[in-house]
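Below is one structure; the comments refer to it alone.
The values are calculated or read from the model by the stated rules, or taken from the named source; none is laboratory data. These numbers come from a predicted model, not from an experiment. Cβ sites come from the backbone with ideal geometry, for glycine too, and all protein chains shown count toward neighbours. Heavy atoms of the whole protein, side chains included, go into the accessibility calculation; ligands, DNA and RNA do not. Shrake-Rupley method; radii C 1.70, N 1.55, O 1.52, S 1.80 Å.
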Amino acid sequence: MDTPGKIEELLNIKAAAPTTARLRLEMLFDESSFVELEGFTKGANVITGYGSVNGKLCFAYSQDGPVNKKHANKIANVYDKAINMGAPIVGILDSTGIEIKDGQKALEAYGILFQKIASASGLVPQIAIVLGKCLGTAAYIPMLSDIRIMKDENSNMFLKSPAALKGADEIALNYDDFCSGEAHATKTGLVHRSYKTEKDCLEAARHLVDLLPSNNVDMAYSPTNADLNREDEALNSVITDYDSPIDMHYIISSLSDDYTYFEIQPRYGKEMICAFLKINGYTIGVMANNGPMGISGTHKANRFVKLCDAFNIPLVSLTDIKEYEKINITDQNNLMIQSSQLLAKLAESSIPRVNVVIRNGIGSGFMLMNSKYIGADIVLAWPTAEISFLNRTGYVKIMHKYTDKTYDEACSAYRSAEDGYIDDIIIPSATRKRVIAALEMLYTKRVQTVAKKHGSM
């Protein structure tokens, strides 16, 4: 047995120039931490393995060619390990599609994949990064994942080619206008973030692995030296009237331990802001109004609440809602569907929920923003808050028949607090520390929620 020769042979194989798929994995993981699994399986066209991302265990796969049964089995095996270890999984998607010569076996391969992805849903976070082609049946892979990231240009995701769609022959088709990362981030809302470079896409995935819990019984926590009693005097002058836009992004950053946050779908449904941030070291989900309630923003909030509830991430809402977006009759039906689904997801959720009413809390839109009516645990209000089932104009026209109270008297935050719809009225500058206090009180709800989901209570 030529032992030195065998070792030299192995070293030569390991020294081969890395493929694009392997380089992407090396960019995803902490330096020198990636460990490949099933590396000698020939013809699988995918690289799988595990390593650390910011010190946290993570599994991943990176496509290196068409999908066949070996390809699917390798990904299925890494999914099994991720589920068993309770660790997130990241898929890097860039494939020409199915191995045509495999025929029906190729569909079986996809079936294997979809079963594993579905079985991991709600157990471990799944992040899909589309860095090239993701066409036809392959598009189900990112769509079944929790978070989807794409490169703005030179990446496409579609189920059926735009060229084959009804009316395609009547327009000059540009694929980037229909199915690029930029199109899905701004128009369709199918991806959560898109970036100009692969490096930025992979860095975003690293950030998300760090922010999200490793699994549905874990808590995403990192020690912090941030002052828990920090106040922000600038918040006391944010509200100047009841109509001018509010800088909700500033309020969100003021809540955060380090004044930063990771926004979900920032270029879609801009009337609703959804973001992850750290408060007292824990990952928290925040949703905030940024204009009249519309279809896109409600749809975005819908999916965000579902994600938070799946992984026991507490939810904080910042409310300033006066009206719904002005839409046509057809769109009104879509808005009813999305609004009712958001209401249901909030009412059914078992995570800690805190609502801060910043200014306007008007009509059924206020109910949808995590109100006490549908089970919010703690509702705080700034002194500037006005809460009513009618806007000012409607109140003046209708309510004079039933009460002698003015709108300001009947709809102030103090009146709502008297009726038990508000737990406390707070000075704006103290918002962060009051939210922290509420979440600390609700800590055991998280423990009980996890235990109930797993039958140990």
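From the list Arg353, Arg359, which residue is in contact with an Asp or Glu (Cβ under 8 Å, 6 or more places away or on another chain), of a type in the set (Lys, Arg) and under 29 Å from Val217 (Cβ atoms)?
Details: Arg359 fails: under 29 Å from Val217 (Cβ atoms).
Only one candidate passes the filter, namely Arg353.
From the list Asn312, Asn302, which one is assigned to a loop (DSSP other than H, G, I, E, B), under 30 Å from Asn215 (Cβ atoms) and among the polar types (S, T, N, Q)? It would help to see each step written out before you state the result.
Values: Asn302 fails: assigned to a loop (DSSP other than H, G, I, E, B).
Going through Asn312, Asn302 in turn, just one is assigned to a loop (DSSP other than H, G, I, E, B), under 30 Å from Asn215 (Cβ atoms) and among the polar types (S, T, N, Q): Asn312.
Could you run through segment 243-262 and say how many residues are outside any loop (DSSP other than H, G, I, E, B) and either open to solvent by 20 Å² or more (accessible area, probe 1.4 Å) or polar (S, T, N, Q) (or both)?
First, pick out the residues of segment 243-262 that are outside any loop (DSSP other than H, G, I, E, B): 248-255, 262.
Those still in the list that are either open to solvent by 20 Å² or more (accessible area, probe 1.4 Å) or polar (S, T, N, Q) (or both) too: 249-250, 253-254.
Summing the residues that are outside any loop (DSSP other than H, G, I, E, B) and either open to solvent by 20 Å² or more (accessible area, probe 1.4 Å) or polar (S, T, N, Q) (or both) in segment 243-262 gives 4.
Of the residues Leu228, Leu235, only one is over 20 Å from Lys300 (Cα atoms) and part of a helix (DSSP H, G or I); which?
The match here is Leu235.
Which residues, counting only those in segment 263-272, are crowded, with 19+ Cβ neighbours inside 10 Å, within 11 Å of the chain's Cα centre (by Cα) and either outside any loop (DSSP other than H, G, I, E, B) or among the aromatic types (Phe, Trp, Tyr) (or both)?
Hit for segment 263-272 is Ile264, nothing else.
When you scan segment 34-109 for strands (runs of 3 or more DSSP E) that lie fully inside it, which ones turn up with 1 or more residues that are basic (Lys, Arg)?
Here the list reads 56-63.
Could you tell me which of the residues Ile83, Ile92 is among the hydrophobic types (A, V, I, L, M, F, W, C) and open to solvent by 10 Å² or more (accessible area, probe 1.4 Å)?
Step by step, each of Ile83, Ile92 is checked, and only Ile83 is among the hydrophobic types (A, V, I, L, M, F, W, C) and open to solvent by 10 Å² or more (accessible area, probe 1.4 Å).
Looking at Asp377, Asp423, Asp408, can you tell me which residue is more than 25 Å from the chain's Cα centre (by Cα), at pLDDT 90 or above, closer than 26 Å to Val238 by Cβ and open to solvent by 10 Å² or more (accessible area, probe 1.4 Å)? If you could, list the steps in order and put the result at the bottom.
On the way: Asp377 fails: more than 25 Å from the chain's Cα centre (by Cα); Asp408 fails: at pLDDT 90 or above.
Residue meeting the stated conditions: Asp423.
Would you mind telling me which numbered condition in (1) farther than 29 Å from Ile264 by Cα; (2) open to solvent by 10 Å² or more (accessible area, probe 1.4 Å) Gly122 fails?
Of the numbered conditions (1) farther than 29 Å from Ile264 by Cα; (2) open to solvent by 10 Å² or more (accessible area, probe 1.4 Å), the odd one out for Gly122 is (1).
Quick check on segment 50-70: of everything there that is in contact (Cβ under 8 Å) with a residue 40 or more places away in the chain and of a type in the set (D, E, K, R), which residue is nearest to Ser222 (Cα to Cα)?
Among those residues, the one meeting the criterion is Lys56.
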